[in-house]
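Please treat every number below as a calculation from the coordinates, not as lab data. Here the structure is a predicted model, which means the values were calculated and not measured. Please note: Cβ atoms are built from the backbone with ideal geometry, for glycine as well, and neighbour counts cover all protein chains shown.
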Number of protein chains: 2
Amino acid sequence: MERGRSLTLLLLLTLSFLLSPDVNAGKILVFPIDGSHWVNMNLLIRSLHARGHEITVVRTSTSWYIKEEASHYRSITVTLPEAISIEDQDFFVTLLVNMLTIQREGGGSIMGFVNFYTEMLSCLSRIHQQASQLVVEMFENKALMQSIRDAHFDLALVDPGLPAGVLIAHELKLPMVFNVRWITSGESHFVVAPSPTSYVPTSGYAASNKMSFMQRVKNMLYYIFNTCIDKLVVCPHYDRLVERYFGSDVNFYHLLQGADFWLMRVDFVFEFPRPTMPNVGYIGGFQCEPSKPLSSELEEFVQSSGEHGFILMSLGTLVKGLPVEISSEIAAAFAQIPHKVIWRHVGERPNNLGNNTLLVKWMPQNDLLGHPKVRAFVGHGGTNGIYESIYHGVPMIGIPLLFDQFENMVRMEARGAAKVVEAIQLTRENFLQTIQEVLHNPSYRSNMERLSSLHRDKPVHPLDTAVYWVEFVMRHKGAAHLRTESYKMPWYAYHSLDVICFLKAVLFVLLAITVGCLRFLCLRLCGRRKSKQE
Amino acid sequence: MERGRSLTLLLLLTLSFLLSPDVNAGKILVFPIDGSHWVNMNLLIRSLHARGHEITVVRTSTSWYIKEEASHYRSITVTLPEAISIEDQDFFVTLLVNMLTIQREGGGSIMGFVNFYTEMLSCLSRIHQQASQLVVEMFENKALMQSIRDAHFDLALVDPGLPAGVLIAHELKLPMVFNVRWITSGESHFVVAPSPTSYVPTSGYAASNKMSFMQRVKNMLYYIFNTCIDKLVVCPHYDRLVERYFGSDVNFYHLLQGADFWLMRVDFVFEFPRPTMPNVGYIGGFQCEPSKPLSSELEEFVQSSGEHGFILMSLGTLVKGLPVEISSEIAAAFAQIPHKVIWRHVGERPNNLGNNTLLVKWMPQNDLLGHPKVRAFVGHGGTNGIYESIYHGVPMIGIPLLFDQFENMVRMEARGAAKVVEAIQLTRENFLQTIQEVLHNPSYRSNMERLSSLHRDKPVHPLDTAVYWVEFVMRHKGAAHLRTESYKMPWYAYHSLDVICFLKAVLFVLLAITVGCLRFLCLRLCGRRKSKQE
């Protein structure tokens, strides 16, 4: 039972899928999220385009990664009022800088905690304000909406982390497929399947699936906290629009939960096993592919590392946000190891950089991770980088910075395939120690290689899975038979609270009658005995 | 988006799967259930054998369908004490006859209800007594166990409806895959994933997923009832053995829930959508295949039906159990229609049989269901027949007799693809009316054809899915990353009851302190005012 066998199978399956004739192409309206989310979505729509489908992407005029023109899609560009529009890249870099400052200055104090969440919530509200404004701009532009209607789209493909597309799809009565990891209230599984907080860690809480009592208490509190944020900070932006455009009997959450199919950017070598639903397909790591040869310049640098090999470092789309005091600690640690280092770095060059370290503005990350000489990957714990690391079996050192990156790295640590250094506590000593640990303890690599072999062993490649279900929903104009509509029940009925109350009441009445009867009998018997004695 | 396209794809996928080289064959120990369950299991092990794996089937000396020798497996035959051994076929036919008599005589009375469940529970206990005795006979036969150990099996493939294999696999420390629809407590989903009774109908209760309040109450009662039966009637057979052979710290249910992968004989064109788990694969209808040409004799009979076409009738493995008074009502109804009828019938020939009806002892059911002239299928609602009907898009008339057949037919009725006649209330008039309804209302056929097109549209054929995951578990010696072990938590922790109590207590203390402080302040203020006034 060798890996080679499953790989051959996978290649054959993929080949046959690509060779399959495209009988009837469809028209797909795409609502992506910018930044790292777009990297994934772009790959999916590229595949859909290659299968003959016509792709139209909705973007804003200040979009960061999403270009107006590309060979595989046309776009609809919406201009938002200047006061609301966000320059994505700068916005997130500023957020990162502020968050790091708050954490370093506030430490574990209550004021630090309050500042942290105030900053985070105001950022969250700003992003959703922009997304909801996109809906208003589109709905109010009658000519635009008519032209979209006239285009007769077959499907809306939506990243529901920013759910503008959910409202537009409802207005256009389009079947809807999600390319999803997060929704407004956090991890998307939570509204699809019943997710007991006793073993399913909540978004925002960096815990494993095996929690102590106090961790379970915290997990429950985080769950309540997330729900409150969602209800009070995020959803009001959309509730307002749903009521305005669809009337008060339509519920924003029902629109969200009514998606026909959820393409979940999750794989269970990464995520802990948890309940799911028949209309969920797992495509985590669908962007991974075998590495291609490096440029001769890079290959030469890499080969110069000799038997030691090299380390890769990248902090993804937030690369600009790392403060120089942290960069220079990292540079100092790197200077002390015999390995070569390739570091994707933008901004002020650390002046203590070692001779072994090459700074680059961009690098072919996947090709480098697939190189035989790579020894470890230093990343921020975004899922794209993590899945590439898993795919190539390269152990990780995580420096999580924002959002889900902390939780992501907890998952990799729980598998024994990574070690984490907190950015605000990073020193040259503890960072060096962590690198040494990951490089010299063979368990990290062997655990990552085990994950890699599990991850690659699939009956269908995740990207083909994604394309298949998008086409399935188009073919059948939905996937109602895979989707429960139990979310439309009142909450007390869904949780059987009414049934439990009813059964308790019946039990109580029966008990009361029984006790009453027994008492009556006792009294009668005692009465008779007394009268006999008398 | 035509069906042709997905079919081409499916064929290519299947072809590539079959062509994939078998690098390293494994040894599989199979614990099947006899009767209709064996029909499925046999097909799966035939495919596994064709892929080069070595199959060993454990059977009893009185097995009904499972032969001692076959070209695709060898067998281990265990002889049970005569007092415990069941002659399967006669046992179930007698059960059916008794159940029908009880239902007809008892009607809806309380005594009828009591007799019905007494009969059912005593049958259930007998079956599990036999299965648990199989474990004892194997464990006590040291030579047999040693020879099994020496054979170095790679995997146990178990139908856990009768969970003898679960105990043997645990003893042998083998990874375990279930080919499953039922476990001891009913529908297997209930112990794999959280299954809210508000929309998931319980085993034994024939309701849809959209229930009224009183239906939800009944569903909850059935759930409690099933759990009690399981704890009091079924599990004691195995608990006793688990304690005897593995000690008191091992729990039978944990062994059952610890299976690496569940191949669920379910498809969501049939089952209502419900929560599931990452270590569940759906293989419902994996036995279905395109029809082959009929024998010239049958083809001639079928062609003689002219434009009317023909109806098929079969009651599956319990074909012998239908009382003659019901058979003759069915015969009388058939005699009144212009269609031809092919009826799989064993036992006394109804004397009022029409000229249009052909009685046969066996028939190529799949080939007949795939014939262009077939108009409807009269069945008992066993899942094998239902999936064949779905596959070929043939509307059904159901006469459910035992076990899950009532629930199965409710599912087909809910899809608008079948109509049901209760066996004990069947008359020639209502049966004829039902046939006419299904034949002449085109919605039944179009609904069934829609189900067929959804059912056939899959990225991988369900049989290939089954083979893939069996091999996956062998390759990786388990599938721990797909399986939650939350079932090992104490029940109060799993349901977060301890966390909820703790948080309520904290809330109460905080409230008490706040109220206390306020009261103290009030008293002080009032006291000051009084002293000022004085």
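3J(HN,Hα) couplings calculated from phi for region B:30-35 with the Karplus curve 6.51 cos²θ - 1.76 cosθ + 1.60 (θ = phi - 60°) are, in sequence order, 10, 10, x, 10, 6, x Hz; Gly and Pro show x. When only Cα pairs below 8 angstrom with a gap of at least 6 residues are kept, region A:39-162 shows a relative contact order of 19 percent. With neighbour counts taken as other beta-carbon atoms within 10 Å, the residues A:Asp159, A:Asp90 rank, fewest first, as A:Asp90, A:Asp159. Computed from point charges on the beta carbon alone (+1 for Lys and Arg, -1 for Asp and Glu), the dipole magnitude for region B:50-108 about its Cα centre is near 260 Debye.
Taking Cα atoms only, the orientation of helix B:235-246 departs from the longest principal axis of chain B by about 70 degrees.
Of all DSSP beta bridges confined to chain A, the antiparallel ones make up roughly 5%.
Below 8 Å, C-alpha to C-alpha, sequence gap of six or more: please give me the relative contact order for region B:384-534 in percent. Please list the in-between numbers first.
Numbers: 89 pairs, mean separation 28.6, N = 151.
Taking the mean separation of contacting Cα pairs over the length of region B:384-534, I get 19 percent.
Region A:292-312 and region A:411-443 have their alpha-carbon centroids 23 Å apart. Among beta bridges identified by DSSP and lying wholly in the protein assembly as shown, the antiparallel ones come to about 10 percent. Simple spin-label estimate for A:Ile224 and A:Thr77 gives 4.8 nm between the two label positions (7 Å along the Cα-to-Cβ direction from each Cα). Think of the protein assembly as shown as having a plus end and a minus end, set by charges on the Cβ of Lys, Arg, Asp and Glu; of A:Phe502, A:Ile33, B:Thr427, A:Phe502 sits farthest toward the positive end of this dipole. Backbone amide hydrogens, once placed in the peptide plane, bring B:Thr357 within less than 5 Å of B:Val341, excluding anything fewer than 5 places away on its chain. A cut-off of 5 Å between modelled amide H atoms, ignoring neighbours fewer than 5 places along the same chain, links B:Thr60 with B:Val78. Full extension of the segment from B:Val324 to B:Trp491, taken as 0.36 nm per residue of separation minus the current Cα-Cα distance, would add 55.1 nm. Working from Cα pairs under 8 Å separated by at least six residues, relative contact order for chain B is 14 percent. If you sort the three axes of the alpha carbon gyration tensor as a ≥ b ≥ c, you get a/c of 1.5 or more for region B:107-208 and a/b no higher than b/c, which makes it oblate. Per-residue Cβ neighbour counts within 10 Å put A:His308, B:His170 in the sequence A:His308, B:His170, beginning with the fewest.
If a/c stays under 1.5 just call it rounded; otherwise compare a/b with b/c (prolate if a/b is bigger, oblate if not). Do that for region A:296-456, with a ≥ b ≥ c from the square roots of the Cα gyration tensor eigenvalues. In terms of gyration-tensor shape, rounded.
Note on B:Phe508 and B:Leu359: with the Förster distance fixed at 56 Å, the Cβ-Cβ geometry gives a FRET efficiency of about 0.15.
The lysines whose alpha-carbon is closer than 22 Å to the alpha-carbon of B:Lys173, local same-chain residues fewer than 8 away aside, are B:Lys27, B:Lys142, B:Lys477, B:Lys488.
The string of couplings for region A:427-443 from the Karplus curve (6.51, -1.76, 1.60, θ = phi - 60°) is 10, 4, 5, 5, 5, 4, 4, 5, 4, 4, 4, 5, 6, 9, 8, x, 5 Hz, one whole number per residue in order, with x for Gly and Pro. Taken along the Cα-to-beta-carbon direction at a fixed 7 Å, the label points for B:Val346 and A:Leu523 span 6.5 nm.
A simple charge model with +1 on the Cβ of Lys and Arg, -1 on the Cβ of Asp and Glu and nothing else charged puts the dipole of the protein assembly as shown at about 2840 debye relative to its Cα centre. In terms of the mean number of neighbouring beta-carbon atoms within 10 Å, the peptides A:60-68, B:403-411, B:445-453 order highest first as B:403-411, B:445-453, A:60-68.
Charge dipole of chain B (Cα centre as origin; +1 on each Lys and Arg Cβ, -1 on each Asp and Glu Cβ, all else neutral): 2520 debye, rounded to the nearest 20. Placing unit charges on the Cβ atoms of the charged side chains and taking the dipole of chain A about its Cα centre, the candidate lying farthest along the positive direction among A:Gly204, A:Leu322, A:Met138 is A:Gly204.
Note on chain B: dipole from Cβ charges, positive end direction compared against B:Ser195, B:Phe92, B:Gln103; the farthest Cα belongs to B:Ser195. Between region A:253-285 and region B:207-276, the C-alpha centres lie 25 angstrom from each other. Can you give the angle from 0 to 90° between the axis of helix A:383-392 and the longest principal axis of chain A, with both taken from C-alpha atoms, to the nearest 10? Roughly 70 degrees between the two axes. The phi-based Karplus calculation (6.51 cos²θ - 1.76 cosθ + 1.60; θ = phi - 60°) puts the 3J(HN,Hα) values of region B:118-129 at 4, 4, 5, 6, 5, 5, 4, 5, 4, 4, 6, 4 Hz, whole numbers, x for Gly and Pro. Among all the lysines, which ones have a C-alpha under 28 Å from A:Lys361's C-alpha, if same-chain residues fewer than 8 places away are not counted? Here the lysines satisfying the reach criterion relative to A:Lys361 are A:Lys67, A:Lys292, A:Lys320, A:Lys340, A:Lys373, A:Lys419. For the residues of A:26-32, the average number of beta carbons from a partner chain within 10 Å of their own beta carbon is 0.
By its C-alpha gyration tensor, with a ≥ b ≥ c as the square roots of the eigenvalues, how is the protein assembly as shown shaped: rounded for a/c under 1.5, else prolate for a/b larger than b/c, else oblate? Judged from the Cα gyration tensor, the protein assembly as shown comes out prolate (a/c at least 1.5, a/b above b/c). Separation between the A:Thr427 and A:Thr101 pseudo-spin-labels, each 7 Å from Cα along Cα→Cβ, expressed in nm? Computed distance between label sites A:Thr427 and A:Thr101 equals 2.5 nm. Counting every other Cβ atom within 10 Å of each residue's Cβ, A:Leu100, B:Leu525 order from fewest to most as B:Leu525, A:Leu100. As an exercise, use a Förster radius of 60 Å and the Cβ-Cβ distance of A:Ile110 and B:Val233 to find the FRET efficiency, rounded to the nearest 0.05. Once the sixth-power term is evaluated, E becomes 0.60. Relative to the dominant Cα principal axis of chain B, helix B:405-414 is inclined by about 90°. The residues neighbouring A:Gly165, those whose beta-carbon lies less than 14 Å from its own, together hold a net charge of -3 under the Lys/Arg +1, Asp/Glu -1 convention. Label-point spacing at B:Asp150 relative to the other copies reads 8.3 nm, in ascending order, each point sitting 7 Å out from Cα along Cα→Cβ.
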